[in-house]
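A.B. asks: This structure is in structure tokens; I'll ask about it shortly.
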């Protein structure tokens, strides 16, 4: 099985160029469905827009699903200030520290309007040391539009109002040494890995177990994959971002297997299966425990789905901030996804045999 590294690189670059903050995902849904059509993969869309694909296999009872989410962080207009600047609230959970200085587009108006998110005291020539002592928080930043906007009427004339969605520029860089720096690697890198793994299987793959790639739309608010798996799904694997920081075991150069996060322990049988696949296929891996973290599988479990759940991640510095990963990790994730989809049996069967 050969991975198309150029396809992975190109797909990720194209995904990162498509704004998809929570509530604004139609364009990226259209992109992913076109990719699935190109790959000859069957799919359908749920009522809320989540994409569920099917890779046919011999075993259809207690089959598999793999979830990656298309939605990203962003912001929304909460209020229009008297001077024409915009007060923002975050979409998803992230710090205003990483919003300061961000170039943005206000999306759902007559035509996208450009601007910059700035601290409410943004000029040292005016405020002196107050610029440095200003607290960090969404109450202390505002959006300056690159239009003549001196009052709320000027803003509304542009088609902008309370509830308008704001997308931050990803500022993507692919470096010659393999590092990738960009906002919103979470989870567009996971989506690119999943599409590349599907491509590696080839047309009409003869899988031992039917597999359903799922592309969800609201993971950043915790809804995610709760409604997507049907009653036949016995295993759900989430592919998502893995924090790399002091005290964490994840690596930017390996696939990382999540053993536990805020929601609890991932199912031991599935975690062990993923570990065995890495060992069998000589895929560099690490295990990790994430302290402030939930994935799409959490939403599926709390929605009442009776399934085994697992997590694999691409190691990333500064998650939900100025993110950076490496192609090493993305290729390792893709190899494990392909190995998992093409593996025999299920972790449920293996758990029964072990007992």
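A.B. asks: Would you please put 263-270, 89-96, 216-223, 169-176 in order of how densely packed they are, using the mean number of other Cβ atoms within 10 angstrom per residue and starting with the highest?
C.D. replies: Per-residue mean Cβ counts within 10 Å order the peptides as 216-223, 263-270, 89-96, 169-176.
A.B. asks: Separation of segment 168-199 and segment 79-150 by C-alpha centroid, Å?
C.D. replies: If you average the Cα positions of each part, the centres end up 26 Å apart.
A.B. asks: What does the convex hull of the Cα atoms come to per residue for segment 74-167, in Å³?
C.D. replies: Dividing the Cα hull volume of segment 74-167 by its residue count gives 86 Å³.
A.B. asks: Here is a further query. To the nearest 500 deg cm²/dmol, what mean residue ellipticity at 222 nm is calculated for the chain from DSSP H runs of n ≥ 4 alone, each contributing -39,500 (n - 2.57), summed and divided by the residues? List each step's numbers first, then the result.
C.D. replies: Details: 10 runs with 99 residues, N = 355.
Calculated mean residue ellipticity at 222 nm is -8000 deg cm²/dmol.
A.B. asks: Rounded to the nearest 0.05, what FRET efficiency do residue 248 and residue 204 give with R0 = 41 Å and r taken as the Cβ-Cβ distance? Could you check?
C.D. replies: About 0.55, to the nearest 0.05.
A.B. asks: Hey, another quick one. Quick check on the exposure proxy: order 164, 295, 318 from fewest to most C-beta atoms within 10 angstrom.
C.D. replies: In order of increasing Cβ crowding within 10 Å: 318, 164, 295.
A.B. asks: Looking at segment 205-327, send over the antiparallel percent of its DSSP beta bridges, to the nearest 5. All intermediate terms of the calculation are to be shown ahead of the outcome.
C.D. replies: Values: 7 of 22 bridges.
Antiparallel: roughly 30 percent of the beta bridges in segment 205-327.
A.B. asks: Let me ask something else about it. Which of rounded, prolate, oblate describes segment 162-286, given a ≥ b ≥ c as roots of the alpha-carbon gyration tensor eigenvalues and a/c under 1.5 marking rounded, otherwise prolate only if a/b is larger than b/c?
C.D. replies: Details: a/c = 1.38, a/b = 1.18, b/c = 1.17.
The shape class here is rounded.
A.B. asks: Kindly state, to the nearest 0.05, the FRET efficiency for residue 130 paired with residue 95, given R0 = 22 Å and r defined as their beta-carbon distance.
C.D. replies: The pair residue 130/residue 95 has a calculated efficiency of 0.60.
A.B. asks: Hey, another quick one. Run the simple label-point estimate for residue 151 and residue 5 please: 7 Å along Cα→C-beta, distance reported in nm.
C.D. replies: It is 6.0 nm.
A.B. asks: Let me ask something else. Could you order the peptides 43-52, 74-83 from most to least packed, using the average number of other C-beta atoms within 10 Å per residue?
C.D. replies: The densest-packed peptide leads the list: 74-83, 43-52.
A.B. asks: Compute the acute angle (0 to 90°) between the alpha-carbon long axis of helix 5-16 and the principal axis of greatest extent of the alpha-carbon atoms of the chain; round to the nearest 10°.
C.D. replies: Rounded to the nearest ten degrees, it is 40.
A.B. asks: Of all beta bridges DSSP finds with both residues in the chain, what is the antiparallel percent, to the nearest 5?
C.D. replies: Of those bridges, close to 60 percent are antiparallel.
A.B. asks: Return one number: the angle in degrees, 0 to 90 and rounded to the nearest 10, between the long axis of the Cα atoms of helix 327-341 and the longest principal axis of the Cα atoms of the chain.
C.D. replies: Its long axis makes an angle of about 40 degrees.
A.B. asks: Once fully extended, how much extra length lies between residue 27 and residue 81, figured as 0.36 nm per residue of separation less the alpha-carbon to alpha-carbon distance? Don't skip to the answer; put the middle values down first.
C.D. replies: Working: separation 54, 0.36 × 54 = 19.44 nm, distance 3.03 nm.
Separation in residues times 0.36 nm, less the Cα-Cα distance, equals 16.4 nm.
A.B. asks: How would you rank 241-252, 23-34, highest first, on the average number of other Cβ atoms within 10 Å across their residues?
C.D. replies: Peptide ranking by packing, descending: 241-252, 23-34.
A.B. asks: Can you tell me the FRET efficiency between residue 114 and residue 140 if r is taken as the Cβ-Cβ distance and R0 is 30 Å, rounded to the nearest 0.05?
C.D. replies: 0.85
A.B. asks: Is any residue of segment 203-233 close enough, with backbone N under 18 Å, to a label point placed 7 angstrom from the Cα of residue 56 along the Cα-Cβ axis, and if so, which?
C.D. replies: 203-213
Rule-based calculations on the coordinates, nothing more; no lab input. Fair warning: this is a prediction, and the values are worked out from it, not measured in the lab. Glycine also receives a Cβ, built like all others from the backbone with ideal geometry; neighbour counts cover every protein chain displayed.
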